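Structure first, then comments.
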Amino acid sequence: MLVVEREEEAGGVPRHCAHTGFGVRDLRRVLSGPRYARRIVDLTERAGVEVSTRTMVTGWASPRVAEITGPAGVERVGATAVVLATGARERPRAARLVPGDRPAGVLTTGELQQLVHVRRGAAEAIGRRAVVVGAEHVSYSALLTLRRAGVRPIGMITSLERHQTVGLFALAAATALRVPLWTGTSLSAIRGRGRVSQVELAEVSSGRTRTIDADTVVFSGDWIPDHELARAGGLKIDPGTRGPAADLLGRTSGAGIFAAGNLVHPVEPADVVACRAARVGLAVADWLRAGTDPVPARLRVVATDGLLWVFPNLVAPGAADHGPFAIRSREHRHGATVVVEQGGQVVARHRLRRAVPNRTQEIPGTWVGALDPQAGAVLLRIEG
Amino acid sequence: MYDVAIIGAGVVGCALARHLARFRLHCALVERANDVGTGTSKANTAILHTGFDTEPGTLESALVRRGHQLLGMHAHRAGIALERVGALLVAWTPPQADELDSIVDKARRNRCRGARRVAEDELYRREPHLGPGALGAVEIPDESIICPWSTTIAFALEAVGAGVDLRLGTTVTGVRPGGDHWELLTGTEVIRARWVVNAAGLAGDLVDRWFGHGDFSITPRKGQLIVFDKLARPLLHSILLPVPTPRSKGVLVAPTVYGNLLLGPTAEDQDDRTDVATTGDGLASLLAAAQRILPAVAAEEVTATYAGLRAATEHRDYQISVHPEQRYACIGGIRSTGLSSSMAIAEHVTEQLGAAGLSLEDRDEEPAVPRVPPLGESRPRPYQQPELVAADPAYGHILCFCERVSEGEIRDALAGPLPARDLGGIRRRTRATNGRCQAFYCGASVAALLRGEVGS
């Protein structure tokens, strides 16, 4: 068993999330991100797994034969089973097509956290007056990181009508940190030569703009799976998650290739990811034991209309006790219904008290047992 | 006292410095920025033009053709990434289709090899992802893509290696005649040179006025561009060109030597000579063009956006003149073909300077041609080379994941005779932080290396 990790240390994003709340569902503890990461890596190594850091899979020589580069050398490594757990990243300014100058001081939360928590001493890179773009969970983490670095967050903006985090975080940001939240607002331009000097904010409904002084812009959230290896490997990509299409057991369209974590559902808290991934681990073990069994024919599960994505997005019809499906709504809704349809027939409805964008809702998957293998893809939509 | 001082270390100034360095001349290359090639030279379409669509008989036409030939050969010697992907100039309307024959004719008059009409069916066979509705094309097989950053750096390295004094961070604010030489005023010192060449790009007309000339005025013409994710690369084989108009070559879609797809440029005139901001309208217009030309690319992630300013003048041709009595030469109004013609401009201007009285005595030794490191996907990179990594593990420690840039390559970029001095310099020498994640993963570690924190 080999874990290939291209960063300096294993553990992923929690390594630089210097706040608590990690480990509740999987380790039954409450830990800071860095401690949680170390604990997970510790448990892995103690289980006899080789963890190779500073080492990167750069491509595929053939299915399940990885091209790997590390300080120890360049080599090809073949495996009976491959698990892709390459996570997700925040979409940067350029991908969001924010126009303007290209000054220093524009970054994502990922870079910000690494500057503050991993490579200390880069405070001058972060400036003094920061605007945070986004109001998801991670955006509030960005606020904390900015404060830790001695930077004043002067505002958060979201193009949606409300924040998308838990009420407690939003309240704390507004009262204790005193950071205004400008909803229905987008970042329409960045100005500055050398360093950011101003940002232009636009009201989404009217198009009216105003300019405020700032020297740092943090783009947070708007996650996209890091799916380069999945695409390079020819795996089918789900258009909703933009990660490899996979079922509940993490099986992708490639035989013996599994995918787990935020690569397939961008993004969930670390402990949720860990619990789901444990199930994938068991499926990998099954594959190793009886690998010649073909993966059963599966149906696509497609998010349509008001839904951004659904996971899992592959399902083997007939499974009697299929677990829940994670869904993402595009908009805030109160009292919505998720409708599951196949071949023009409604297979299930599930009422949600509310739907919040950038947050996962779950719907039961008991309807999988009633699916018709011949009736085509399963379509999910949200109403009301 | 220098024999020649060149004002401006863009691709043209550096090419000239390199060319002059093979003679027994003491030259200065004076640049206001902290690196070479930080103006238009770094923000263009990265195409080595054949000149097929230039006006036959113009200086631009002759120099682009000759420059294409020279740089095409030199790139291999210097390790500059170059790919002869060819171009397809596509007609989308009947009036455009009617122009194709005259485009072939013009290409042939420009002695462009292999220019021919391509029918619709062949066009779609070659480019299956082309948007619907194309009515045929002209093929220009020798149109190529190249790395503009490496080109400028390669020229500068060769010049510096042959003894040219590169004066970075030095802004010339005026000139004073000194009898048999010129005095270039920089605020802190005076640089004395017998001959002066103006290669100041966007400031070319202002510098020309210092010497008493007003033959041209520069109106910066902004070109905005969008770089799509490398995962989009398989969608296209050749450069897709539109039927040009008198104002601009139009919006193209092209592969890059780094492995991306490039879309652009726009063409907007402006007064400001330093404003390279992108605009909402500009980017939107590019995406609309992409929807027509190569619809599948619009579904891919954007990796980067940028803009460059063309030094456009009221004239249609290059404004290159030598004033023998002043011992002054001006290279102005190079618009959008400077990269392609750079080596030919250097050759031409040197010849003219010689005719004007500059003594051109060959040096004895053959100048060394330093090789620049490979960038992007053009040639095998250290991360793919077992022997390199075995000899130096820093080449196996990848820091910029998206572009596979190793600690060793960044370390090399910060060292040597023309080291990177800031993040931009590192980007142009390695492409670190230029990938799809835009420093999400690597920004902090690259910044640490820049700050001199050795051994991450």
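The values are calculated or read from the model by the stated rules, or taken from the named source; none is laboratory data. This structure is a prediction, so every number in the text was calculated from the model and none was measured. We place every Cβ from the backbone using ideal geometry, glycine too, and count neighbours over all the protein chains shown.
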Single unsatisfied condition, residue A:30 versus (1) free of Cβ contacts under 8 Å to residues at least 24 places away in the same chain; (2) within 14 Å of chain B (Cβ to nearest Cβ); (3) of a type in the set (Val, Ile, Thr); (4) touching a Gly at 6+ places or on another chain (Cβ under 7 Å): (2)
Of all residues making up the range A:65-92, the number that are over 24 Å from residue B:232 (Cβ atoms), in contact (Cβ under 8 Å) with a residue 24 or more places away in the chain and more than 10 Å from chain B (Cβ to nearest Cβ): 7
Those residues of the range A:49-64 which are within 12 Å of chain B (Cβ to nearest Cβ) and under 19 Å from residue B:380 (Cα atoms), in sequence order: A:55, A:56, A:57, A:58, A:59, A:61
Which numbered condition residue A:163 fails, given (1) closer than 28 Å to residue B:229 by Cβ; (2) more than 9 Å from chain B (Cβ to nearest Cβ); (3) touching a Phe, Trp or Tyr at 6+ places or on another chain (Cβ under 9 Å): (1)
Pick from the range A:114-136, criterion under 26 Å from the mean Cα position of the chain (by Cα) and surrounded by fewer than 19 Cβ atoms within 10 Å (Cβ to Cβ), ranking: modelled with the highest pLDDT: A:117
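Every residue, every condition in (1) surrounded by 18 or more Cβ atoms within 10 Å (Cβ to Cβ); (2) touching a helix residue (DSSP H, G or I) at 6+ places or on another chain (Cβ under 8 Å); (3) acidic (Asp, Glu); (4) not assigned by TED's automatic domain parsing to the domain that holds residue A:268, yes or no:
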| residue | (1), (2), (3), (4) |
| --- | --- |
| A:305 | no, no, yes, yes |
| A:321 | no, yes, yes, yes |
| A:354 | no, no, no, yes |
| A:374 | no, no, no, yes |
| A:379 | yes, no, no, yes |
Subset of the range A:1-16 [of a type outside the set (Val, Ile, Thr), more than 14 Å from chain B (Cβ to nearest Cβ) and either surrounded by fewer than 17 Cβ atoms within 10 Å (Cβ to Cβ) or farther than 21 Å from residue A:70 by Cα (or both)]: A:1, A:2, A:14
Some residue of the range B:88-111 being over 30 Å from residue B:57 (Cβ atoms), assigned to a loop (DSSP other than H, G, I, E, B) and touching a residue at least 24 places away in the same chain (Cβ under 8 Å): no
Residue tally, condition within 14 Å of chain A (Cβ to nearest Cβ), under 17 Å from residue B:89 (Cβ atoms), in contact (Cβ under 8 Å) with a residue 60 or more places away in the chain and of a type in the set (A, V, I, L, M), over the range B:240-289: 1
Given (1) assigned to a strand (DSSP E or B); (2) surrounded by fewer than 22 Cβ atoms within 10 Å (Cβ to Cβ); (3) of a type outside the set (Ser, Thr, Tyr), number of the condition residue A:271 does not satisfy: (1)
From the options A:206, A:253, residue that is more than 28 Å from residue B:438 (Cα to Cα) and in the same structural domain as residue A:159 (by TED's automatic domain parsing): A:206
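Residues are listed down the side, and each one gets a yes or a no for (1) part of a loop (DSSP other than H, G, I, E, B); (2) at pLDDT 95 or above; (3) crowded, with 24+ Cβ neighbours inside 10 Å:
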| position | (1), (2), (3) |
| --- | --- |
| B:149 | no, yes, yes |
| B:170 | yes, yes, no |
| B:175 | no, yes, no |
| B:188 | yes, no, no |
| B:217 | yes, yes, no |
| B:223 | no, yes, yes |
| B:227 | no, yes, no |
Total residues in the range A:283-336, condition without any contact (Cβ under 8 Å) to a residue 12 or more places away in the chain and aliphatic (A, V, I, L, M): 2
Among the residues listed as B:406, B:359, the single one being more than 23 Å from the chain's Cα centre (by Cα), at pLDDT 95 or above and more than 11 Å from chain A (Cβ to nearest Cβ): B:359
Search result, residues across the range A:329-346 that are among the small types (Gly, Ala, Ser) and surrounded by fewer than 16 Cβ atoms within 10 Å (Cβ to Cβ): A:335, A:343, A:344
Complete set of residues in the range A:18-61 that are of a type in the set (S, T, N, Q) and either under 29 Å from residue B:394 (Cβ atoms) or surrounded by 17 or more Cβ atoms within 10 Å (Cβ to Cβ) (or both): A:44, A:52, A:53, A:55, A:58
Residue tally, condition farther than 18 Å from residue B:258 by Cα, acidic (Asp, Glu) and in contact (Cβ under 8 Å) with a residue 24 or more places away in the chain, over the range B:358-417: 4
Pair list, Cβ < 6 Å and 6+ apart or interchain, from the range A:95-116 residues that are without any contact (Cβ under 8 Å) to a residue 40 or more places away in the chain to residues that are crowded, with 24+ Cβ neighbours inside 10 Å and assigned to a loop (DSSP other than H, G, I, E, B): A:111/B:439; A:111/B:440
Subset tally (residues that are within 16 Å of the chain's Cα centre (by Cα) and hydrophobic (A, V, I, L, M, F, W, C)) for the range B:74-110: 5
Odd one out for residue B:19 among (1) surrounded by fewer than 21 Cβ atoms within 10 Å (Cβ to Cβ); (2) more than 16 Å from the chain's Cα centre (by Cα): (1)
Exclusive hit being more than 25 Å from residue B:255 (Cα to Cα), more than 20 Å from the chain's Cα centre (by Cα) and within 11 Å of chain A (Cβ to nearest Cβ), set B:353, B:450: B:450
Top-ranked residue of the range A:93-111 - restricted to ones that are under 17 Å from the mean Cα position of the chain (by Cα) and more than 8 Å from chain B (Cβ to nearest Cβ), ranked as nearest to residue A:131 (Cα to Cα): A:109
Strands (runs of 3 or more DSSP E) lying entirely in the range A:168-233 (those with 1 or more residues that are loosely packed, with under 14 Cβ neighbours inside 10 Å and within 12 Å of another protein chain (Cβ to nearest Cβ)): A:209-213
Residue B:432 of a type in the set (A, V, I, L, M, F, W, C), touching a residue at least 24 places away in the same chain (Cβ under 8 Å) and within 21 Å of residue A:13 (Cα to Cα): yes
Filter result for residue B:233 (crowded, with 17+ Cβ neighbours inside 10 Å, touching a residue at least 24 places away in the same chain (Cβ under 8 Å) and either over 24 Å from residue B:118 (Cβ atoms) or not assigned by TED's automatic domain parsing to the domain that holds residue B:169 (or both)): yes
Sole residue being under 30 Å from residue A:157 (Cα atoms), at pLDDT 95 or above and of a type in the set (A, V, I, L, M), chosen from A:18, A:61, A:95: A:95
